[in-house]
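The values are calculated or read from the model by the stated rules, or taken from the named source; none is laboratory data. Predicted model only: the values in this text are computed from it and were never measured. Cβ atoms come from the backbone with ideal geometry, glycine included; neighbour counts cover every protein chain shown. Ligands, DNA and RNA are stripped out before the accessible areas are found, and what is left, the full protein with its side chains, is counted by its heavy atoms. Shrake-Rupley method; radii C 1.70, N 1.55, O 1.52, S 1.80 Å.
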Amino acid sequence: MAPAARPGWPPEPLHLLLYGSGMARFIFSRLAIGLVTLFVVSALFYLGTEMLPGDVATAILGQSATPANVAKLRLSLGLDQPSWLRFVNWLWGCLHGDLGKSLASGRPIATLLLPRLGNTLFLAACAALIAVPLALTLGILSALHEGKATDRASSALSLGIISMPEFLVGYGLIIVLSVHLGWLPSLGTVFPGMALGLRLKAMALPILTLTLVVLAHMLRMTRATILAEMAAPYVEMARLKGLDRRRIILAHILPNASGPIIAVVLLNLAYMVAGAVVVETVFVYPGIGQLLVDAVTKRDLPTVQACGLVFAIVYVGLNTGADVLALVFNPRLRHRR
Amino acid sequence: MKLFGSRLSTPALIGIALLVAIVGAGLLAPWIAPYGETDLVGDVWAPPSLAFPLGTDNLGRDMLSRLLFATRTTLTVVILSTIVAFALGVAIGFLSALIGGLIDQLISALVNVIMAVPVLIVALMVLAVLGTSVPVLILTMGILEATRVYRLARAVANGLIVQEFVRIAALRGEGWRWIVWREILPNAVPALVAEFGLRFCFIFLFVASLSFLGLGVQPPFADWGAMVHDNTAAINLGGLAPFYPAAAIAVTTIAVNLIVDWLLSVHARPAGIKE
Amino acid sequence: MHDHPLLDIENLVVTATSGTRLVDSVSLKLERGSVLGLIGESGAGKSTIALAALAYSRPGCHITGGTIRHGGVDLMELDEDARRAYRGARIAYVAQSAAAAFNPALTLMDQICEGPVRHGLASRKDAEAHAVELFTALDLPDPARFGRRYPHQVSGGQLQRAMVAMAMSCRPDILVLDEPTTALDVTTQIEVLVLLRRLIRDQQVAALYVTHDLAVVAQIADRIMVLRHGKLVEEGATADVLLRPTTDYARALVAERTAARSAAFEVEDKRPETVLVLDHVDVSYGPKKAVSGVSFSLSRGETVAVIGESGSGKSTIAYSIAGLVSASGGEIQFDGGDLPPGHRERDRDTLRRIQLVYQLPDVALNPRQSIGEIIGRPLTFYFGLRGEARSARVGELLSLVGLPVEFAQRLPGQLSGGQKQRVCIARALAAEPDVVICDEVTSALDPLVAEEILKLLHRLQAELGLAYLFITHDLGIVRRIGHRVVVLANGKMVADGTTAEIFAQTDHPYIGKLIASVPELDTGWLDRHLQERTAS
């Protein structure tokens, strides 16, 4: 006899609310949670950076911070208003494309940020285009040949890569491909109006670095997901039906593992966006990560806030997508009783 | 050799040997380093020679000596951050699981919000506001990584709370102290130890990244990440100066990863079963 | 081909990676149309032999010796690809848990047709047609469309039958059935058993039937092999083994099943002092009522058995008395006073006087505490015993439950299942309780071990005057230990009375079916059961 159903201990009303009735409801609630998370994150970012010690006006004026000057600047920046009101105004502005003005250059942040966001997304997209299919193929192959020389080699290599900081991978590639072989430029200098071929050549090393880093993570997680599924009783049944390993992995395991694997892919894409900060710095690639690092160094808070918001949107979006897709691909939920 | 009642695998032994060597090098730095940490002893970026086994850095200091002394800064910052992350994460995670209900859900929601943004980005924002100093760095990394520890600790505790031996203790009328210290914690140790290693690696790489971005440990102190940052220009001259500290980072993370892999494989086995 | 038996296993040896022999020199032969029952307790190696018949061993085990011949061909001499051609096609496997063995992501039809199509035995269209025939033969609802469903969309009994259809899809010569009815409720078990027997006879396949239940194998097997610790103990025609067992072990197994059929002791009808009264108790999980309107009472020195199938709410009753779940309606009275619903609201002495023993001793003991600490803690907690006095009492309790005193130093991982359950009982006794709630305490144990535990509980009751509330699904246990019986179905009380009264109600629609569904240790029982069913 199966053990009797356990009483709900601890009670999880949230669980019931989320999984209670149907997939549409779950997806809807997951999207709602994503939006709420985004709102709370932006509030924390904004209010956190505003309320912590240090006054923006004093920071801007630096040496010339006489009390009169500070008071004047505070008024012009709207710093006399309560912080929640300034947050609402800021968020309202952001929603209309007005991200405020940079303290460092005085230019509107939107004009600084948007081209760079485009550069970063282009870099990430190129890396993803190579890394995702390659990682899935290699991950599946690695699982197919578990324990054999090829699998061991790919495991050792990928462990090595994920143990390295991104900048080591980047500099390694520069030394070999740029300094010694002279095949590719070591700087990822791109500018508006650049021809696509030249642009791609300049971006080759950053793309390659990002690809390698994400590839290693994705490959390992794909392999682990498939192998974890290998222990399921239905796999033993499939073997007892006389099926071979290839058929078992492709026809039996993949339909079950597709949800988790898609989640793995999206989580790694999200990771890639953060990893881009370091890679952009290594190659002096004009992306949003480099903008953020510059702004932090110069303590240009409005720019930092705007960059943080953009990263949060990308990250929360991909995470929400991962949750929703993992669910959509769950066979038990897709075909309800 | 045995640890936690299980035989060490060869990779784990290699990992432990590497880790012992690294920690030993850091501890013995003043005695084994050929030169002082800040002594200008040669040309800028001198190539490796008998006098300077790894060459010199961007100011003409001995690379090897710098590397040995930086081990101390690096490990201190990372270990302290990991301890902060663990103390906070485990305490709040267990508490959350034990209390349950609304408080648990509120804390979990807050943690989810913090985790909704990459650690590196949040860390950059905090450093933008508070400026860069070692205590700020340790606390920031510790608190941010505590969210990850919290998730694991809470999940482990929730898994154990529904175990029947814990219910038996609750039915006996035991207070929360007994339940946490005697019933839950001893069974959570293997998972937490593995997590400690994993967190160590993450924090290690993040601190290195921050220092590399020029936002971590500030001069005159240096950790390995900062040493990479200082020496990046050597790359285009064909020099290997930034590679030594970067390689030190990689070797340390690989060593810890090897041990963690072994811990996780041991932990997968049911507790109390002897080979 | 006629010279060879269908399956001929000789001197099979299966070894674990650690070096332990799981199967030690076992030989068996299987002729067309015959059914061989493999019987034994857990760890007897019967499933390992069943899998070895397909030249398959689980991870961590290896077939290290012997021959496995199919129609004269030794599978051990073939390479893996050649062996795969036999698996599923010539010899097919039916697993214990269909819910786990079916792939949740594929439709039943996809999985059933996969074998014949991949082995190149039939086109998809022919395979589907054959599957529908099998669905019909197995009494599955709406056979033409049944295969379009996913595994989680059909009931447990239907899924088990679908698995039989999957095994038959390649028209194999041999079926290997590994505890195919164990995971099912008694009434469902009978349905599947009847269909299996009919299918085996109609299709003229040979079968290897693995089970721990002598009464089940009696209904279906021509011959029986009794296994213990990986070795053959006794082999013979079914009736011979059941009626005239020649070895001590087989005799003990048969005796245990016979005991289950007859009450072991007289039932006292005097009910001295009532300790526990349930008065119209309701328990809900969220909006769903798990149990409603349950009333019965328990006296000192008495055993009340609460019986029902899975989902009947019998464990919920146990948890509500223990205070793990709060009753939402009605009253529970303990020793004359009201019992607060949740355990947090009860005082220490009340908690002490009601003790709970769980079904699975493996998870009921903290793996990181020694047996001495586990039994000693209630002594310190309730009575303030420490040091010498505590270890002396721990020793007494260990002796009381029939364990050596040295066990105090051991960890739970070093004990067997039966020993662990004794420790759980000793821990409950350490609190010197009035009422002990036993939640399926024997169902995870092998029959002979379970019998010892029942005897122990019976002895302790006589010595200490304990009142037991016995939660079980096993009528045999009720007969042996229950003074009174409460029958539950779907969260409602169906009947309440002395054991003799309840077992006399064979014409009651639910109780009668429950009693009639328990297989008897008699080769003709299933036929009689079917005749009675068609007659009524």
If you check C:S18, C:S27, which single one turns out to be surrounded by fewer than 20 Cβ atoms within 10 Å (Cβ to Cβ) and closer than 27 Å to C:I220 by Cβ?
C:S27
Among the residues of the range C:56-86, which ones are within 11 Å of another protein chain (Cβ to nearest Cβ) and open to solvent by less than 30 Å² (accessible area, probe 1.4 Å)?
C:Y56
Does C:G147 satisfy the criteria of being out of contact with any Lys or Arg (no Cβ under 6 Å at 6 or more places or on another chain), open to solvent by less than 50 Å² (accessible area, probe 1.4 Å) and either touching a residue at least 40 places away in the same chain (Cβ under 8 Å) or not hydrophobic (A, V, I, L, M, F, W, C) (or both)?
yes
Checking the structure you have, find out if any residue of the range C:98-112 is open to solvent by 20 Å² or more (accessible area, probe 1.4 Å), at pLDDT 90 or above and more than 34 Å from the chain's Cα centre (by Cα).
no
Within the range A:245-280, residues being within 14 Å of chain B (Cβ to nearest Cβ) and either open to solvent by less than 20 Å² (accessible area, probe 1.4 Å) or in contact with an Asp or Glu (Cβ under 7 Å, 6 or more places away or on another chain) (or both) number 11
Restricting the first residue to the range B:169-191 and requiring it to be under 13 Å from B:A153 (Cβ atoms) and within 10 Å of another protein chain (Cβ to nearest Cβ), which pairs with a second residue that is open to solvent by 20 Å² or more (accessible area, probe 1.4 Å) and of a type in the set (K, R) meet a Cβ separation below 8 Å and a spacing of at least six or different chains?
B:N187/C:R368
Every residue from the range C:521-536 that is in contact with a Leu (Cβ under 9 Å, 6 or more places away or on another chain) and not in a helix (DSSP H, G or I)
C:L521, C:D522, C:T523
Give the residues of the range B:224-242 that are at the interface with chain A (Cβ under 7 Å from one of its Cβ atoms) and either within 22 Å of B:V129 (Cβ to Cβ) or not in a loop (DSSP other than H, G, I, E, B) (or both), sorted by residue number.
B:V228, B:I235, B:N236
From the list C:P340, C:P287, C:P367, exactly one residue is open to solvent by less than 50 Å² (accessible area, probe 1.4 Å) and more than 9 Å from chain B (Cβ to nearest Cβ). Which is it?
C:P340
Would you please list the contacts, defined by Cβ atoms under 7 Å and residues six or more apart or on different chains, that run from a residue in the range A:307-333 that is basic (K, R) to a residue that is open to solvent by 30 Å² or more (accessible area, probe 1.4 Å) and at pLDDT 80 or above?
A:R332/C:H152
For B:F221, work out the one condition from (1) under 18 Å from A:V278 (Cα atoms); (2) touching a residue at least 40 places away in the same chain (Cβ under 8 Å); (3) assigned to a loop (DSSP other than H, G, I, E, B); (4) open to solvent by 10 Å² or more (accessible area, probe 1.4 Å) it doesn't fulfil.
(1)
Hand me the list of helices (runs of 4 or more DSSP H) wholly inside the range C:42-145 holding 2 or more residues that are basic (K, R).
C:80-86, C:124-137
Scan the range B:79-131 residue by residue and report those that are surrounded by fewer than 20 Cβ atoms within 10 Å (Cβ to Cβ) and not in a helix (DSSP H, G or I).
B:G100, B:G131
Only one residue in C:D74, C:D79, C:D3 is more than 30 Å from the chain's Cα centre (by Cα), modelled with pLDDT under 85 and not basic (K, R), so which one is that?
C:D3
C:E452 vs. criteria modelled with pLDDT of 85 or more and either among the charged types (D, E, K, R) or on the phi > 0 side of the Ramachandran plot (or both):
yes
If you check B:F202 against the conditions, is it away from chain A (no Cβ under 12 Å) and modelled with pLDDT of 80 or more?
no
Would you mind telling me which numbered condition in (1) in a helix (DSSP H, G or I); (2) surrounded by fewer than 21 Cβ atoms within 10 Å (Cβ to Cβ) C:R422 fails?
(2)
Residues to consider are B:L213, B:L240; find the one that is out of contact with any strand residue (DSSP E or B) (no Cβ under 6 Å at 6 or more places or on another chain) and open to solvent by 40 Å² or more (accessible area, probe 1.4 Å).
B:L240
Going by what's in this entry, would A:L325 be described as under 25 Å from A:P133 (Cα atoms), open to solvent by less than 40 Å² (accessible area, probe 1.4 Å), part of a helix (DSSP H, G or I) and out of contact with any strand residue (DSSP E or B) (no Cβ under 8 Å at 6 or more places or on another chain)?
no
Within the range C:431-469, take every residue that is of a type outside the set (G, A, S) and within 14 Å of chain A (Cβ to nearest Cβ) and give me the one that is most open to solvent (accessible area, probe 1.4 Å).
C:L445
Here's a check for you: in the range C:215-241, which residue that is within 19 Å of C:L28 (Cα to Cα) and part of a helix (DSSP H, G or I) is nearest to the chain's Cα centre (by Cα)?
C:V217
Residue in the range B:205-218 that is nearest to B:G26 (Cα to Cα), counting only those that are more than 7 Å from every other protein chain (Cβ to nearest Cβ) and outside any helix (DSSP H, G or I)
B:V217
Total residues in the range B:1-36, condition at pLDDT 75 or above and either in contact with a Lys or Arg (Cβ under 9 Å, 6 or more places away or on another chain) or hydroxyl-bearing (S, T, Y) (or both)
9
Would you confirm, using the coordinates I've provided, whether B:L50 is open to solvent by 10 Å² or more (accessible area, probe 1.4 Å) and touching a helix residue (DSSP H, G or I) at 6+ places or on another chain (Cβ under 9 Å)?
no
Of the residues in the range C:495-536, those that are among the basic types (K, R) and under 30 Å from C:L298 (Cβ atoms) come to C:K513
Go through the range C:117-144 and give me each residue that's surrounded by fewer than 19 Cβ atoms within 10 Å (Cβ to Cβ), within 31 Å of the chain's Cα centre (by Cα) and free of Cβ contacts under 8 Å to residues at least 60 places away in the same chain.
C:T136, C:D139, C:P141, C:D142, C:P143
For the range A:223-244, state whether one or more residues are open to solvent by 50 Å² or more (accessible area, probe 1.4 Å), more than 14 Å from chain B (Cβ to nearest Cβ) and touching a residue at least 60 places away in the same chain (Cβ under 8 Å).
no
Criterion: more than 14 Å from A:L205 (Cα to Cα), in contact (Cβ under 8 Å) with a residue 60 or more places away in the chain, of a type outside the set (A, V, I, L, M) and within 12 Å of another protein chain (Cβ to nearest Cβ) - qualifying residue of A:S158, A:S163:
A:S158
